[in-house]
Structures are given as structure tokens and as C-alpha cells.
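The values are calculated or read from the model by the stated rules, or taken from the named source; none is laboratory data. Bear in mind the structure is a predicted one, so any value in this text is a computation, not a measurement. Cβ placement follows ideal geometry from the backbone for every residue including glycine, while neighbour counts extend to all protein chains displayed.
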């Protein structure tokens, strides 16, 4: 027990020491935090030109309000913490990087400013969110250099998950609901032998024992977003080639649909076996709400193992055969 505690203390002190070393390795910290503060103040006082449902000039106030009224967007609160965590994870690599002012990165800052002006003029605050993070990424490169931009590109890509869908989500959720409904009904008919009917996103038993509506909250958008984030992180951390990363990220969509179909099928099986109340319990249970993530995570693990298999060159096979 004492040895384990000592190891934990050593790891904690090592982590703290490495983070301190990363902090010391950053030149021109005063310059960066000065321009960073100016950038934040710009978007705080002139970040939002739409005052229809949230009377605030602040981009951050608008984002906070948008997140608070949409459960499908509340993961946006966690994204900055996740990005900082990944930067800490890459601390050893970041410590070794040569750092210094790199003026071409100013183009990214100007691009962010132009995107924000466009979003401000057309009253599309979501465009200004993109502008803020593009400019912020450019500021880090301006102060700490090109190599810093390359090393932090992936963590900064995760800021895309800060983009709130809001009412735009309907254009995504409705096709997802239709797709999940059709697949679930097909599975119920053939492998499971359960006679169910559907019309659009409604599923019901012909005898009237149960009926369910695959509502927007059941579309799988939350699990899709979470699985996309997990797949993106897994792809960039585990693999070094872009094609492998793209395969892992692209697999997130079918795996998320599969997970949602598994959950809907479980509800139908429960309702068919024990009645509507049992199906309702599965639908409302916090434990069963985690069900869509099980096949998705297992699928990512299996896909990762398959992609990571050593590929024997054809020449080596031919040599062996001879």
C-alpha cells in the first residue's frame, strides 16, 4: 500500500514538473496573453449582432444561452477542458518544440477577423464562433511558431464541437430518426420475428399492445456527437497516418446508428415480452440510455485493432515462398 502511494505521489510530482517545464518553455507569455485578452474582449463586446432572443453583444453570452436551452449542445461546455487536457497529454512533445514569433500566422488571425465581420454583418453568430477559434489558433502560432501550430492542430480541431446546432439539428435528427426506425422495424420482422408496423417515425404493435414515437430526443444525435468526438480523439492519438484516422472518424456515423438501433430494438423486445410499461422503463432508464455507446465503443476498438495489424510486404511473402 505504501509503495503504491509513493508511486502515485511520484507520478503526480512528475506531471506537475512537466507542466511547469512546459510553462517555462513558452516564450513571450506576456505578449500572448495581451493579444489573447484583446481578442476575447473583441468578441465579448462586439461578438453578437443578433438581439432577437438573447439581448447581449457578447459571443460568449450568446453561446452560454444557446447551450443552456439545448441539451444536444451542452457538450460545448466541456470542449475547452478537453482541448486543454489533450495539450497536457502532449506536454513532452510541446516542451521540445522550437518556439518563436512566426509572422505568417498573422494571416490566420486576419482570416478569423474577416470571418467574424462577415458573420456579424449577416447576423449569424455561429459563423463568429468559427472566427473566434480560427483567430485564437492563429495567435498561438504568431507567438510560438509554425511547429506549435502543427503540433496543436488536432486538439484545436476539437473546437468544432463548440458549434451549437440549435434549430439546425432538425435537419440532422429527422433523417436519423427515419433511418433508425426503418432499420429497427426490419430487424424486428426478420431476425427477431416481432410483428410491428411503422409510419414515419412511429412504431406500434398491430394488436395495440404498445406504441412508440421515435422523437427528436431519441434520434441518436447526442450519441452521434459523443461517438464522433471519441472516434476523432482515438484516431489522432492511436494512429499516425491520415487514411487510418479518416477511416476511424468515418466509422463513427454507422456505429452511432447501430447503437441507436440496438437501443430501439431493446425497447421493442421489452414491450413485446412484458408490455408497454416494460418498454417505457427501458426507454426512460439512465442505465439503458448508455446502451448505444456499447456497440459503438466495441466497434471502434475492433476497427482499431484491424487497422493496426502489421501488413507483411508482398516482397517479403514472395521471398519466403521461394
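Could you tell me whether region 89-96 includes any residue that is at pLDDT 90 or above and either in contact with a strand residue (DSSP E or B) (Cβ under 8 Å, 6 or more places away or on another chain) or outside any helix (DSSP H, G or I) (or both)?
Within region 89-96, one or more residues are at pLDDT 90 or above and either in contact with a strand residue (DSSP E or B) (Cβ under 8 Å, 6 or more places away or on another chain) or outside any helix (DSSP H, G or I) (or both).
Go through region 179-201 and report how many residues are in contact (Cβ under 8 Å) with a residue 40 or more places away in the chain, part of a loop (DSSP other than H, G, I, E, B) and more than 16 Å from residue 270 (Cβ to Cβ).
Number of matching residues: 0.
Filter region 245-259 down to the residues that are part of a helix (DSSP H, G or I) and closer than 24 Å to residue 78 by Cα and list them by number.
Within region 245-259, 245, 246, 248, 249, 250, 252, 253, 255, 256, 257, 259 meet the criteria.
Answer with yes or no whether residue 100 is touching a helix residue (DSSP H, G or I) at 6+ places or on another chain (Cβ under 9 Å), surrounded by fewer than 20 Cβ atoms within 10 Å (Cβ to Cβ) and assigned to a loop (DSSP other than H, G, I, E, B).
Spelling it out, residue 100 is indeed touching a helix residue (DSSP H, G or I) at 6+ places or on another chain (Cβ under 9 Å), surrounded by fewer than 20 Cβ atoms within 10 Å (Cβ to Cβ) and assigned to a loop (DSSP other than H, G, I, E, B).
Among the candidates 113, 78, single out the residue that is surrounded by fewer than 18 Cβ atoms within 10 Å (Cβ to Cβ) and in contact (Cβ under 8 Å) with a residue 12 or more places away in the chain.
Criteria check complete, one pass: 113.
Examine region 228-244 for a residue that is at pLDDT 85 or above, part of a helix (DSSP H, G or I), touching a strand residue (DSSP E or B) at 6+ places or on another chain (Cβ under 9 Å) and surrounded by fewer than 18 Cβ atoms within 10 Å (Cβ to Cβ), and state whether such a residue exists.
no
Being over 24 Å from residue 51 (Cα atoms) and part of a helix (DSSP H, G or I) is true for just one of 176, 114. Which residue is that?
None of the other options fit; the residue is 176.
Output the number of residues of region 43-68 satisfying the condition of being within 23 Å of residue 106 (Cα to Cα) and either touching a residue at least 24 places away in the same chain (Cβ under 8 Å) or outside the structural domain of residue 98 (by TED's automatic domain parsing) (or both).
Selection size over region 43-68: 4.
Matching residues to (1) loosely packed, with under 14 Cβ neighbours inside 10 Å; (2) part of a loop (DSSP other than H, G, I, E, B); (3) at pLDDT below 95:
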{"residue": "6", "(1), (2), (3)": "yes, no, yes"}
{"residue": "13", "(1), (2), (3)": "yes, no, yes"}
{"residue": "36", "(1), (2), (3)": "no, no, no"}
{"residue": "41", "(1), (2), (3)": "yes, no, no"}
{"residue": "44", "(1), (2), (3)": "no, no, no"}
{"residue": "74", "(1), (2), (3)": "no, no, yes"}
{"residue": "82", "(1), (2), (3)": "no, no, yes"}
{"residue": "87", "(1), (2), (3)": "no, no, yes"}
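Does residue 222 satisfy the criteria of being within 25 Å of residue 129 (Cα to Cα) and either in a helix (DSSP H, G or I) or modelled with pLDDT under 90 (or both)?
Yes; evaluated as a whole, the condition is true for this residue.
Kindly list the number of the only condition in (1) at pLDDT 95 or above; (2) touching a helix residue (DSSP H, G or I) at 6+ places or on another chain (Cβ under 6 Å) that fails for residue 114.
(2)
Matching residues to (1) at pLDDT 85 or above; (2) outside the structural domain of residue 279 (by TED's automatic domain parsing); (3) in contact with a strand residue (DSSP E or B) (Cβ under 9 Å, 6 or more places away or on another chain):
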| site | (1), (2), (3) |
| --- | --- |
| 156 | yes, yes, no |
| 160 | yes, yes, no |
| 176 | no, no, no |
| 182 | yes, no, yes |
| 199 | yes, no, no |
| 212 | no, no, yes |
